[in-house]
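Working notes for the structure below.
The values are calculated or read from the model by the stated rules, or taken from the named source; none is laboratory data. All values derive from a computational prediction rather than experimental measurement. Here the Cβ positions follow ideal geometry from the backbone for every residue, glycine too, while neighbour counts run over all protein chains shown.
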């Protein structure tokens with residue numbers, strides 16, 4: 001037998017094994033994704049505990065959540081490119097190791113800054129894991145099975161998002177705050193061990209240099225923008241440091257665009273955005289996660305500080321989130337086959353806006369059934385957006401660029417989520433502070449530091465009220481709860497507005513069905529001989 005025939009037989013055997021084990025491969029990738037989704041939200045239910053443990057401000061709490069999302073989002077494109085170059089399964093395994101080590105180290109944190117730093121390292125691991133999962137699915141599944149596999153992928157991501165608060169609440173009920181991080185270690189270990197046997201490696205056969213300059217510019221631009229948003233309520237929206245943050249971040253974003261249009265092998269090929277299924281799919285995911293993550297960040301505090309639930313009780317109340325995303329992802333895939341992506345994604349964004357609007361009537365006495373139904377419908381809308389939009393993005397990217405395509409799909413999620421927490425959280429804080437100020441100022445004998453804390457956070461206000469005589473403390477606590485409920489409803493309207501804008505753009509520009517993929521030039525600039533489809537963007 002010749003060397004060529006032996007090589008061919010080995011390749012055929014590897015392909016047969018890949019196809020035979022494809023659903024087992026998906027189960028390992030789904031477990032890895034549950035880990036990522038869970039960590040996006042598990043910390044939210046621990047926010048009151050962390051506030052009491054470290055005595056921190058609202059902006060510091062936002063950074064505990066956003067440091068993970070920020071690093072995650074900033075590195076996704078880089079890690080997707082590295083996965084295409086060096087191997088996607090290799091990147092997945094390395095990410096699981098880093099994620100598990102950082103999750104273990106954070107339990108020894110003695111300050112909020114150490115928690116933020118460890119969460120940032122976890123974001124590095126997450127950025128290595130998430131694009132690898134989707135790009136491996138694109139390599140393993142072909143034809144109609146790909147859409148089904150992506151819908152399962154999207155559903156498991158949603159299940160992780162919904163299970164995070166429940167698992168976090170159960171752990172906090174029995175153990176200390178570090179347990180919400182330690183739970184990641186055994187899950188990562190199982191995924192890592194199973195992955196060695198069940199996840200095949202793949203890479204771009206024509207691996208290109210990684211654009212580290214573009215990676216640095218994009219990460220810095222996103223980081224500064226989110227920093228300015230988070231700090232704006234305490235520093236002032238027109239303060240020099242806030243305006244400088246916005247200005248420098250915009251300049252860095254412009255520099256990133258300039259660089260990407262000129263470098264030979266860009267980190268993000270802007271030519272992809274000329275394909276409406278790619279750009280509209282990515283945009284829909286970004287806007288949906290903007291609304292969802294901002295809502296969850298505020299909702300867990302509403303459940304615990306306004307409604308008085310424990311961490312476990314709050315986690316149980318969020319269970320409809322997991323169920324709804326799973327239902328919506330599967331249903332969205334089936335509706336997509338019949339009516340096309342435009343209809344299901346656009347309708348999902350309208351449903352998301354409508355269900356989020358119900359939050360405007362929340363107060364301390366809102367019936368629990370209304371809260372649960374609205375959360376379930378919100379998550380159904382999310383699921384119906386996620387699966388078809390992801391399939392739309394990945395279907396517009398050549399298979400050899402699956403890592404970068406997957407990373408772009410994930411970047412939109414994480415940047416959208418980070419912006420949602422930052423913007424909705426900051427708007428909420430600003431409105432809450434203005435509405436509770438009169439009640440706080442009416443309490444005589446409060447120190448300046450205590451008054452500032454009560455105006456900054458509903459958790460601090462209810463904690464301070466508990467230490468006052470009932471005739472003084474109860475009115476302050478009630479005023480803080482009312483102010484937070486009002487602020488929550490008004491802040492979420494920002495997400496409602498973005499969801500409606502997204503729906504209008506999807507109905508206007510997104511093609512209904514998958515279209516043939518033409519070759520994409522190395523640079524985003526189109527040649528003078530580009531075909532009509534490329535010139536109009538309808539690729």
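What the table below lists for this structure:
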| item | result |
| --- | --- |
| Residue check, residue 366 more than 30 Å from residue 235 (Cα to Cα), modelled with pLDDT of 75 or more and in a loop (DSSP other than H, G, I, E, B) | yes |
| Failed item, numbered, when residue 535 is tested on (1) at pLDDT below 80; (2) assigned to a loop (DSSP other than H, G, I, E, B) | (2) |
| Complete set of residues in segment 263-280 that are in a helix (DSSP H, G or I) and either at pLDDT below 85 or within 25 Å of residue 313 (Cα to Cα) (or both) | 270, 271, 272, 273, 274, 276, 277, 278, 279 |
| Sole exception among (1) modelled with pLDDT under 85; (2) assigned to a helix (DSSP H, G or I); (3) under 30 Å from residue 225 (Cα atoms) for residue 110, by number | (2) |
| Residue match in segment 119-137 (condition: over 17 Å from the mean Cα position of the chain (by Cα), farther than 18 Å from residue 187 by Cα and surrounded by fewer than 24 Cβ atoms within 10 Å (Cβ to Cβ)) | no |
| Candidate set from segment 222-247 (those that are surrounded by fewer than 16 Cβ atoms within 10 Å (Cβ to Cβ) and modelled with pLDDT of 80 or more); member that is farthest from residue 451 (Cα to Cα) | 247 |
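Results for (1) surrounded by fewer than 24 Cβ atoms within 10 Å (Cβ to Cβ); (2) in a loop (DSSP other than H, G, I, E, B); (3) in contact with a helix residue (DSSP H, G or I) (Cβ under 6 Å, 6 or more places away or on another chain), shown as yes or no for each residue.
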position	(1), (2), (3)
302	no, no, yes
313	yes, no, no
323	yes, no, no
326	yes, no, yes
335	yes, no, yes
